[in-house]
Amino acid sequence: MSTALVTGATAGIGLEFARQLAARGDDLVLVARDATRLATVAEELRSSYGVGVEVLSADLTDAGQLGTVEARLADRDRPVDLLVNNAGFGLKERFLDNPLDVEQAQQDVLVRAVLRLTHAALGGMVERGRGGVINVSSVAAFLPRGTYSAAKAWVNSFSQWAHAEYAPQGVTVMALCPGFVKTEFHERLGIDRDSSAPKPLWLEPDRLVRDALADFDKGRAMSIPSKRYKAIVTVTRLVPRSALQRLQSLGRK
């Protein structure tokens, strides 16, 4: 029996990871801020899939609460076999239009939490010679789109390095780079799905997670969903940065 810990597990991609991992028979540790919603999701998964579900209510911008999740990951008596670093949020406004503490909170979740939770999980995984980490990044990592893109570019670089470093010891670290996904993420930003991006760019979360888990099972260091996004990433490597800069308004309408 394997155990997976998923952050941001009550909605969107995180919830879909929780469901599909439960369907595989994995026990779960679910992390999110909303304790009431956590309890509801946990009961749904227990009753639907017959797996064990533990909940940790934690705000990952808070060092103390983040430390609680780190301690759970580092607990050798209750090993976690898969960590899914999914928690995150975007900011609709441009850099100078956001309060600095809001920008800092975003970096705390997208970078600091990923760094610390991965560090906490890897120790036991390397000792056991098995395990893995999926860091939910973004196609935005390949585009110059402010601090969100910069944070996701760090996630990609960190994940690829960690994969190369620890795959020989039995641990897979993979960055998942979705684009526009039909979840609450863009709704929370007040972004209208119909006008923000062409319909073919919108992905279904169940297919995204299914393909991501397939890539993870194959030991890949990066998962980019669909031929469309693979093509977009290829283009970003060929187009000058100055031209890519003009695309930063995509998804902000």
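Against the condition assigned to a loop (DSSP other than H, G, I, E, B), farther than 23 Å from residue 35 by Cα and of a type in the set (A, V, I, L, M), how does residue 115 come out, does it pass? No. With respect to the conditions (1) surrounded by fewer than 18 Cβ atoms within 10 Å (Cβ to Cβ); (2) under 19 Å from residue 69 (Cβ atoms); (3) of a type outside the set (Lys, Arg), residue 135 lacks only one, and its number is (1). Taking the criterion of being open to solvent by 50 Å² or more (accessible area, probe 1.4 Å) and out of contact with any Leu (no Cβ under 8 Å at 6 or more places or on another chain), the residues of segment 109-132 that qualify are 115, 119, 127, 128, 130. Look at segment 212-238: where a residue is within 19 Å of residue 158 (Cβ to Cβ) and touching a residue at least 12 places away in the same chain (Cβ under 8 Å) and a partner is of a type outside the set (A, V, I, L, M) and open to solvent by 70 Å² or more (accessible area, probe 1.4 Å), sitting 6+ places away or on another chain with Cβ atoms under 9 Å, you get 221/160; 222/160; 224/230.
Does segment 93-103 include one or more residues that are closer than 20 Å to residue 33 by Cα, in contact (Cβ under 8 Å) with a residue 12 or more places away in the chain and in a helix (DSSP H, G or I)? Yes; the residues of segment 93-103 include at least one that is closer than 20 Å to residue 33 by Cα, in contact (Cβ under 8 Å) with a residue 12 or more places away in the chain and in a helix (DSSP H, G or I).
Residue check: residue 61 meets all listed conditions (1) of a type outside the set (A, V, I, L, M); (2) touching a helix residue (DSSP H, G or I) at 6+ places or on another chain (Cβ under 9 Å); (3) within 27 Å of residue 1 (Cα to Cα) but one, namely (3). Select from segment 55-72 the residues that are open to solvent by 10 Å² or more (accessible area, probe 1.4 Å) and of a type in the set (A, V, I, L, M, F, W, C) and write down the one among them that is nearest to residue 121 (Cα to Cα). For segment 55-72, the residue satisfying everything is 71. Which residue, of 150, 164, is over 25 Å from residue 9 (Cβ atoms) and surrounded by 15 or more Cβ atoms within 10 Å (Cβ to Cβ)? Step by step, each of 150, 164 is checked, and only 150 is over 25 Å from residue 9 (Cβ atoms) and surrounded by 15 or more Cβ atoms within 10 Å (Cβ to Cβ). The residue of segment 76-87 that is nearest to the chain's Cα centre (by Cα), among those that are open to solvent by 20 Å² or more (accessible area, probe 1.4 Å) and more than 14 Å from residue 56 (Cα to Cα), is 86. Residues of segment 213-253 that are modelled with pLDDT under 80, within 22 Å of the chain's Cα centre (by Cα) and open to solvent by 30 Å² or more (accessible area, probe 1.4 Å): 248, 250, 252.
The values are calculated or read from the model by the stated rules, or taken from the named source; none is laboratory data. Computed from a predicted structure; not experimentally measured. With ideal geometry, Cβ positions are generated from the backbone for all residues, glycine too; neighbour counts draw on all protein chains shown. Heavy atoms of the whole protein, side chains included, go into the accessibility calculation; ligands, DNA and RNA do not. Shrake-Rupley method; radii C 1.70, N 1.55, O 1.52, S 1.80 Å.
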